[in-house]
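Visitor: I have a structure I would like to understand better, so I am pasting it below and will then ask my questions one at a time.
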Amino acid sequence: MHTHADQTPQLVLASSSPRRKDLLSQLGLPFIVSAADIDETPHPGEPAVDYVTRLAREKARTVASRHPGAWVLAADTTVVLGLELLGKPQDAAETRAMVGRLSGRTHEVHTGVALAGRYEESFIVRTRVTFRSLSAAEIAWYASTGESLDKAGGYALQGKGAFMVASVEGSPTNVIGLPLCETLALLERAGVPLPWKDLS
């Protein structure tokens, strides 16, 4: 979706994630997509909250330099099991190992969200997700679907992976990649026109 020249501030989503794009599109928010290509390697010993906040800020700043005058929204999501950050599995074998470790346990999903433009603001949202105990056959089947390959933690709550999730404590959209309630509040504070603004 593209904004018109007379619509200011323009909103730019600094992400190539189809999930984040879909979440914003469902609300009818006008925006354009401009992905940020940054190094996403965690720093040694970097806590998850610092990692996702740092990446979200770097993405927002990188894209904001290409879109002067626009508001740039960026996010980064990671899955944390104990003290370990679980990234995106590269193949079915990694998916099986990752999902197997999540089976029957509770993990946290951390998303850092940043907005850059006339000023910068960022925050982090945490959600606790509990998996039911999975059989080896269930794990192998899910890995074979290929759904997990671009998902932090190796599963998609909004997709086939929903069958593995016993409970979600906190924001469900955070697990998908963008905590909508908190993000909309952030955009409203910045003066970004929300779809229902003129209906009240």
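Coordinate-derived values only; no laboratory data. These numbers were taken from a predicted model, which means no experiment stands behind them. No Cβ is skipped: glycine too gets one built from the backbone with ideal geometry, and neighbour counts run over all protein chains shown.
Visitor: For each of Lys88, Lys160, count neighbouring Cβ atoms within 10 Å of the residue's Cβ, then give the residues from fewest to most.
Guide: By the 10 Å Cβ count, ascending, the order reads Lys160, Lys88.
Visitor: How much length, in nm to one decimal, is gained on full extension between Val168 and Ala136, taken as 0.36 nm per residue of separation minus their Cα-Cα distance?
Guide: In short, 9.2 nm is gained.
Visitor: Output needed: percent of Cα pairs per 5 Å distance bin for the chain, bins running from 0 to the one holding the longest distance.
Guide: 1, 8, 16, 19, 18, 14, 11, 7, 4, 2, 0, 0
Visitor: Could you derive backbone 3J(HN,Hα) for the stretch 88-99 from the dihedral phi with the Karplus parameters 6.51, -1.76 and 1.60 (θ = phi - 60°), listing whole Hz in sequence and x where the residue is Gly or Pro?
Guide: 9, x, 8, 7, 5, 5, 5, 4, 4, 5, 5, 5
Visitor: Would you pull out the residues with amide H under 5 Å of Val33's amide H, same chain only if 5 or more places away, H placed 1.01 Å from N?
Guide: It is Leu13, by chain and number.
Visitor: In the stretch 11-199, what % of DSSP beta bridges are antiparallel (nearest 5)?
Guide: 85 percent
Visitor: Can you bin the stretch 145-200 into rounded, prolate or oblate? Criterion: square roots of the alpha carbon gyration tensor eigenvalues sorted a ≥ b ≥ c, rounded for a/c under 1.5, prolate for a/b above b/c, oblate for the rest.
Guide: prolate
Visitor: Tell me, what HN-Hα J-couplings in whole Hz come from the Karplus equation 6.51 cos²θ - 1.76 cosθ + 1.60 at θ = phi - 60° for each residue of the stretch 151-156, using x for Gly and Pro?
Guide: Per residue, the Karplus-derived 3J(HN,Hα) values read 10, 4, x, x, 8, 10 Hz.
Visitor: Return Trp196, Trp141, Trp71 ranked ascending by Cβ neighbour count within 10 Å, so the fewest neighbours appear first.
Guide: So the residues, fewest neighbours to most, are Trp196, Trp141, Trp71.
Visitor: Could you put Ser16, Ser135 in order, starting from the residue whose Cβ has the fewest other Cβ atoms within 10 Å?
Guide: Least to most surrounded, the residues fall as Ser135, Ser16.
Visitor: Where in the stretch 166-185 does the label zone of Lys160 land, with the point 7 angstrom along Cα→C-beta and an amide N cut-off under 19 Å?
Guide: So the set is 166, 176.
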